[in-house]
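Here's the structure, in structure tokens; my notes come after.
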Amino acid sequence: MTLTQDEAFARIRLLRSPNIGPVSYAQLLRRFGTAAEAIAALPDLAKRGGRAYRAAAEAKIEAEVAATRRAGAKYLFHDQPDYPRLLAETPGAPPIVTWRGDLSLAARPCVAMVGARNASAAAVKLSRDFARALADAGFTVVSGLARGIDGAAHEGSLPATIGVIASGIDIAYPPQHAELQERIASEGLLIAEQPPGTEPRGSHFPSRNRIIAGLAAGTLVVEAAPKSGSLITARLAGEAGREVMAIPGSPLEARSTGCNHLIREGAVLVQAPEDVIELLSSFDGTPRSTFREQVEQDFDFAGMDGEDFEDAQPADIAGLLTTAPVAVDELIRQSGTSAAAVQMALLELEIAGRLQRHAGGRVSLA
């Protein structure tokens, strides 16, 4: 299907409208066929969910599109041929991203490299050396443009690198990496999920991390403290069924604790770039690492066992929900209704702002 300008505009408007996330966006397109039809239906769906609703203003989207063009960026939609295959397979993949640079880099074998912002000098050099060797072997290195390990990974692999940022495509963050970010946009590939002009917020970084993990067949953690963002990326990679790798460090060094923990929990120990190359060159979708069990994607709307989501009537399940997350499958069992009816009810509640989605296909009252 060729995406017309009007439909592309409507898709951006749909995704920017209140309470619309990747799951509800996909459901709405499936049910209504086009974004324009979905937008027209939003007020009625929200009313059935118990709230009034107003979609994003057209003027706001026109300003966003103009800002994207001024930044020299383009939009990429989830069903376009150039959308990265591995990212598309990731639970909650972004339906729309903006990008600058060489999009073909995302079609090559990719490996994510992440680690501590306050990394040791030895780890920074190691990251740069690993990245250079991986790029020379034909891999694209993906990272998040943070200080420390991320920046070294980008520098070592340029131009074969993808930078995924938590801000809009026109915002440099951190500021000291403004020149590096521009180099990546010019020589490599820069990707942003947030609209232009968006400053990075805390909630944006886990979203950015899921894109980093989703683009790559495997994620390598070079150096990380406990409870760091790098471990979130590793967890997301494990949940997506990708390889999780870590470089071990001294137990006396706090910045090695995260990597050592990953290895203890099932990540593959690597000591040289050749270890990563061998592991990912033979990756067939079944990871050798056992770090975190793979979490099933939120319900597969493409195969509902013959049920027709497009014509489904919502089930009455609001009374089954609390602020404690519960699996959608459990709601289907307890409600005694069809999967399509439960999903329709959840969609109405989400658009009304009464539902929150969690990892692993779980939901709760907002």
(Q) Can you classify segment 1-96 as rounded, prolate or oblate using the Cα gyration tensor, where a ≥ b ≥ c are the square roots of its eigenvalues, rounded means a/c under 1.5, and otherwise it's prolate if a/b beats b/c and oblate if not? (A) oblate
Q | Amide H partners (placed H, <5 Å) of T140, local residues excluded | A | C110, V111
Q) Roughly what angle does helix 35-48 make with the longest principal axis of the chain, taking Cα atoms, 0 to 90 degrees, to the nearest 10? A) 60
Q: Enumerate the amide H contacts of R147 below 5 Å, restricted to partners 5 or more residues apart or on another chain; note that Pro and chain-start residues carry no placed amide H.
A: none
(Q) Give me Rg/Rg_expected for the chain, where Rg uses Cα atoms only and Rg_expected = 2.2 N^0.38 Å with N residues. (A) 1.01
Q.
If amide hydrogens are placed 1.01 Å from N in the peptide plane, which non-local residues have theirs closer than 5 Å to the one on A56?
A. S17
(Q) Quick one: 3J(HN,Hα) in Hz for segment 170-177, Karplus 6.51/-1.76/1.60 with θ = phi - 60°, rounded, Gly and Pro as x. (A) 9, 10, 8, 8, x, x, 5, 9
Q. Per residue, how much accessible area does the chain show when a 1.4 Å probe rolls over the protein heavy atoms, in square angstrom?
A. 44
**Q.** Exposure of R210 as accessible area (Å², to 10), given a probe of 1.4 Å and all protein chains
**A.** 40
Q: Report in % the part of the accessible area of the chain that belongs to carbon and sulfur, leaving out ligands and nucleic acids; probe 1.4 Å.
A: 50
Q: Report, to the nearest 10°, how far helix 229-239 tilts away from the longest principal axis of the Cα atoms in the chain, using its own Cα long axis and a range of 0 to 90°.
A: 60
Q | Global form of segment 85-243, assessed from the alpha-carbon gyration tensor, a/c cut-off 1.5 | A | rounded
Q.
So for the chain, averaging the separation of alpha carbon pairs under 8 Å that are six or more residues apart and normalising by length, what relative contact order in percent results?
A. 16
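The values are calculated or read from the model by the stated rules, or taken from the named source; none is laboratory data. Keep in mind the model is a prediction, meaning the values are calculated, not measured. Note: accessible area is taken over every heavy atom of the protein model, side chains too, but ligands, DNA and RNA are not part of it. Shrake-Rupley method; radii C 1.70, N 1.55, O 1.52, S 1.80 Å.
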